[in-house]
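Participant: This is the structure, below, for whatever I ask next.
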Amino acid sequence: MSWETIKKAVNADSVEPNLKHYDDVRATFSWDVARGELDGLPDGKGLNIAHEAVDRHVLAGVGGKTALRWIARNGGVQDLSYADLAERSSRFANVLAGLGVAKGEVLSCLMPRVPELYAVALGTWKAGAVFSPLFPAFGPEPVQSRMEIGRTRVLVTTATLYRRKVAAVRDRLPDLRHVLLLMDDPAAELPNGTVDLRAAMDQADTAFVIPPTDPEDLAILHFTSGTTGKPKGAMHVHAAVVAHHATGRLALDLHDDDIYWCTADPGWVTGTSYGIIAPLTCGVTMISDSEEFDAERWYRILQDNKVTVWYTAPTAVRMLMKRGADLAKGYDLSALRFAASVGEPLNPEGVVWGVEAFGRPFHDNWWQTETGGIMIGNFAAMDVKPGSMGRPLPGIEAAVVSRDGDTVVPIDEPDREGELALRPGWPSMFRGYLGQPERYENAFAGGWYLTGDLARRDREGYFWFVGRADDVIKSAGHLIGPFEVESALMEHPAVSEAGVIGLPDPVAGEVVKAHVALKPGFEAGEPLRRDLLRHTRKRLGPAVAPRAIDFQKSLPKTRSGKIMRRLLKARELGLPEGDLSTLENGQ
Ligand code: AMP
């Protein structure tokens with residue numbers, strides 16, 4: 001079925017879009033000019049994310065404006081102004097300085113969405129340390145492996161998460177010097193070797209002078225997954241704030257008086273770039289909800305806070321669609337003027353459903369951990385093609401390419417499929433995978449950064465997502481490396497081989513499915529299946545663990561012994577099996 005383009009008249013909205021004429025802005029845009037929209041540290045001492053996000057608004061005399069409206073489980077709200085955030089982050093920077101945390105050292109943040117999280121992130125940047133968020137629904141294994149790779153010096157978490165995910169493995173993390181705990185139960189005893197976060201912040205000085213910060217200083221370490229091997233630590237620098245700010249304005253169309261809600265958790269890149277940095281540099285009021293998805297709760301938040309710009313994800317859109325447009329119509333969502341979505345393919349039905357439910361289409365956009373910020377999007381003043389990711393941001397050159405070893409050839413002809421590639425050079429581009437230079441180099445060829453996604457571009461320059469070029473799985477917007485799941489399965493005494501794939505799912509996009517072969521003496525059956533599900537859930541956490549497990553006598557492998565995940569998937573879905581010439585024993 002083909003979907004009609006949703007036409008946009010430039011002056012249709014009461015608010016004039018920041019990116020009014022795409023072609024004009026694209027022709028004149030420069031990253032230097034974008035940098036000029038930020039202040040830089042006083043006295044030319046460089047560029048620091050936290051200064052741009054909070055301190056400069058205080059200096060400009062708007063410190064009293066609400067920066068963060070945090071919504072508690074019971075619906076109660078706590079408002080923090082820009083001045084509050086500036087002060088709290090300075091306190092936290094002083095805590096780090098007092099602990100002797102040095103520039104460039106990594107702080108892992110394993111926190112639920114609580115107000116302290118924002119002060120911790122901003123204070124880390126003020127102190128010159130590197131903020132590395134971890135998703136709180138991760139199990140102990142993903143937490144441990146990421147802290148090992150990052151050589152985490154400081155961990156900030158809650159007493160509960162510490163007990164469940166870190167305490168038992170702490171002695172395996174020799175680089176971890178300091179653990180700061182938010183005590184969920186203030187009456188509870190502080191575990192050995194930890195510091196009470198709130199008490200430390202209360203005692204800390206409220207003033208902190210940000211030391212000189214080179215725009216190329218490391219600021220953020222985000223973990224992402226590949227097809228094989230350990231998670232990859234994508235390194236981002238303070239200069240990334242230029243792209244966060246520019247995309248906040250151009251792609252999310254943020255204006256000073258917006259009430260903005262990004263539903264992504266700051267444990268992932270979207271929740272950091274667009275749930276902390278971009279909204280604050282743009283000086284808006286941002287919403288943070290402590291709870292997980294709930295259709296009625298979400299509509300109530302949109303309505304009661306008069307949210308004007310909403311950034312969410314396709315899985316959430318599909319879950320809302322399941323509840324029907326009438327539910328949405330029961331709420332007053334008239335303040336909402338721009339809705340955007342990212343992270344996985346957004347079905348054209350979802351885009352159009354937005355119009356039906358609250359009179360606004362969802363604007364799909366595309367980017368990834370490595371790009372640090374939005375690269376391709378359906379912008380506010382541009383016609384929306386349902387099902388398309390949109391057009392490249394001004395300042396970004398994107399192409400569909402064919403690749404043969406080191407040779408990369410852009411495909412100029414429209415509607416042809418190839419790998420999505422970007423010309424490096426924008427400020428939020430990752431600067432490497434920590435400790436894995438060869439993986440970083442492999443991501444580039446012929447002057448292009450190769451994204452690992454397959455796409456096509458139509459005659460009007462809109463990009464359309466086709467699929468992944470590799471085996472990584474996107475489930476409910478979370479990127480999952482099959483290798484990490486296979487490794488956890490292999491730790492179980494019954495498993496001799498494991499192959500993990502993503503299966504299509506109408507709501508989550510994909511769900512994780514594992515195929516396992518058993519060691520002699522173990523019996524395939526329901527009790528073992530349940531035990532394996534329990535085992536992986538405990539180790540990996542619910543966001544990563546498989547939903548389904550199948551037993552097989554042995555798994556198809558290449559002659560060099562690599563499990564052929566593609567073949568597992570093709571067989572499961574009844575698709576053509578493709579080239580089987582490397583298959584071992586014709587399995
Ligand atoms: P992550 O690094 O976890 O943000 O995941 C990035 C990957 O998510 C991309 O390489 C795509 O495979 C997928 N992705 C992100 N945005 C979109 C989108 N708008 N449409 C389709 N896939 C997307």
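The values are calculated or read from the model by the stated rules, or taken from the named source; none is laboratory data. Because the structure is predicted, anything quoted here is derived from the model rather than measured. Positions of Cβ are generated from backbone atoms using ideal geometry, with glycine treated the same way; all protein chains shown enter the neighbour counts. When the accessible area is computed, the model is the full protein with side chains, heavy atoms only, and any ligands, DNA or RNA have been set aside. Shrake-Rupley method; radii C 1.70, N 1.55, O 1.52, S 1.80 Å.
Participant: Taking the stated definitions as given, is VAL351 crowded, with 21+ Cβ neighbours inside 10 Å, among the hydrophobic types (A, V, I, L, M, F, W, C) and farther than 21 Å from SER14 by Cα?
Facilitator: On the way: crowded, with 21+ Cβ neighbours inside 10 Å: yes; among the hydrophobic types (A, V, I, L, M, F, W, C): yes; farther than 21 Å from SER14 by Cα: yes.
Criteria met by VAL351.
Participant: While we're looking at this one, here's another question. Looking for something open to solvent by less than 20 Å² (accessible area, probe 1.4 Å) and away from the ligand (no atom under 16 Å from the Cβ) - is there at least one such residue anywhere in segment 449-457? Outline the logic, then answer.
Facilitator: Our first condition is that a residue be open to solvent by less than 20 Å² (accessible area, probe 1.4 Å); within segment 449-457, this holds for 449-453, 455.
Next cut, away from the ligand (no atom under 16 Å from the Cβ) only: none.
Checking segment 449-457: not a single residue is open to solvent by less than 20 Å² (accessible area, probe 1.4 Å) and away from the ligand (no atom under 16 Å from the Cβ).
Participant: Can you name the residue in segment 314-346 that is in contact with a Ser or Thr (Cβ under 6 Å, 6 or more places away or on another chain) and open to solvent by 20 Å² or more (accessible area, probe 1.4 Å) and is also farthest from the ligand (Cβ to nearest atom) among such residues?
Facilitator: By that ranking, first place goes to ALA335.
Participant: Quick check on my filter: what residues within segment 185-231 are within 16 Å of the ligand (Cβ to nearest atom), assigned to a loop (DSSP other than H, G, I, E, B) and among the hydroxyl-bearing types (Ser, Thr, Tyr)?
Facilitator: Passing the criteria: SER225, THR227.
Participant: Do you know which of the residues in segment 366-388 that are open to solvent by 10 Å² or more (accessible area, probe 1.4 Å) and within 10 Å of the ligand (Cβ to nearest atom) is farthest from TRP310 (Cα to Cα)?
Facilitator: GLU370
Participant: Let me ask you something else. Is it fair to say GLU216 is on the phi < 0 side of the Ramachandran plot and out of contact with any His (no Cβ under 8 Å at 6 or more places or on another chain)?
Facilitator: Spelling it out, it is not the case that GLU216 is on the phi < 0 side of the Ramachandran plot and out of contact with any His (no Cβ under 8 Å at 6 or more places or on another chain).
Participant: Say whether the condition of being more than 30 Å from ALA137 (Cα to Cα) and either within 15 Å of the ligand (Cβ to nearest atom) or hydroxyl-bearing (Ser, Thr, Tyr) (or both) is met by at least one residue in segment 464-484. Break it down stepwise before answering.
Facilitator: Here is the first cut: in segment 464-484, the ones more than 30 Å from ALA137 (Cα to Cα) are 464.
Going one step further and asking which of them are either within 15 Å of the ligand (Cβ to nearest atom) or hydroxyl-bearing (Ser, Thr, Tyr) (or both), we end up with 464.
So far as segment 464-484 goes, yes, one or more of its residues are more than 30 Å from ALA137 (Cα to Cα) and either within 15 Å of the ligand (Cβ to nearest atom) or hydroxyl-bearing (Ser, Thr, Tyr) (or both).
Participant: Okay, next question. Can you confirm whether segment 302-312 contains a residue that is assigned to a helix (DSSP H, G or I) and open to solvent by 30 Å² or more (accessible area, probe 1.4 Å)? Outline the logic, then answer.
Facilitator: The first filter runs over segment 302-312 and keeps only residues assigned to a helix (DSSP H, G or I), leaving 302-304.
Filter once more, so that each one left must be open to solvent by 30 Å² or more (accessible area, probe 1.4 Å): 303-304.
Yes; the residues of segment 302-312 include at least one that is assigned to a helix (DSSP H, G or I) and open to solvent by 30 Å² or more (accessible area, probe 1.4 Å).
Participant: Restricted to segment 567-580, and to residues that are open to solvent by 40 Å² or more (accessible area, probe 1.4 Å) and touching a strand residue (DSSP E or B) at 6+ places or on another chain (Cβ under 8 Å), which residue is nearest to ALA469 (Cα to Cα)?
Facilitator: Among them, the one singled out is LYS569.
Participant: What number of residues within segment 202-214 are of a type in the set (A, V, I, L, M, F, W, C) and buried (at least 22 other Cβ atoms within 10 Å of the Cβ)?
Facilitator: Filtering segment 202-214 for residues of a type in the set (A, V, I, L, M, F, W, C) gives 204, 207-210.
Then keep just the ones that are buried (at least 22 other Cβ atoms within 10 Å of the Cβ); that gives 208.
Going through segment 202-214 one residue at a time, the tally reaches 1.
Participant: For segment 74-94, state whether one or more residues are of a type in the set (D, E, K, R), under 24 Å from the mean Cα position of the chain (by Cα) and modelled with pLDDT of 95 or more.
Facilitator: no
Participant: Identify all residues within segment 237-269 that are surrounded by fewer than 24 Cβ atoms within 10 Å (Cβ to Cβ), touching a residue at least 60 places away in the same chain (Cβ under 8 Å) and within 16 Å of the ligand (Cβ to nearest atom); write none if there are none.
Facilitator: ALA264, ASP265, TRP268
Participant: Given the criteria within 16 Å of the ligand (Cβ to nearest atom), crowded, with 18+ Cβ neighbours inside 10 Å and more than 22 Å from ALA34 (Cβ to Cβ), does LEU422 qualify? Talk me through it step by step, then tell me what you get.
Facilitator: Numbers: within 16 Å of the ligand (Cβ to nearest atom): yes; crowded, with 18+ Cβ neighbours inside 10 Å: yes; more than 22 Å from ALA34 (Cβ to Cβ): no.
Answer is no for this residue.
Participant: Kindly provide the set of residues from segment 170-195 that are open to solvent by 50 Å² or more (accessible area, probe 1.4 Å) and either farther than 26 Å from GLY104 by Cβ or not assigned by TED's automatic domain parsing to the domain that holds LEU134 (or both), ordered by number.
Facilitator: ASP184, ASP185, PRO186, ALA187, GLU189, LEU190, ASN192
Participant: I'd like to check something: does segment 274-290 contain any residue that is within 16 Å of the ligand (Cβ to nearest atom), at pLDDT 95 or above and assigned to a loop (DSSP other than H, G, I, E, B)?
Facilitator: Of all residues in segment 274-290, those within 16 Å of the ligand (Cβ to nearest atom) come to 274-278.
From what's left, at pLDDT 95 or above: 274-278.
Now narrow it down to the ones that are assigned to a loop (DSSP other than H, G, I, E, B): none.
The answer is no, given that none of the residues of segment 274-290 is within 16 Å of the ligand (Cβ to nearest atom), at pLDDT 95 or above and assigned to a loop (DSSP other than H, G, I, E, B).
Participant: For ASP217, indicate whether it is over 28 Å from the mean Cα position of the chain (by Cα) and surrounded by 15 or more Cβ atoms within 10 Å (Cβ to Cβ).
Facilitator: no
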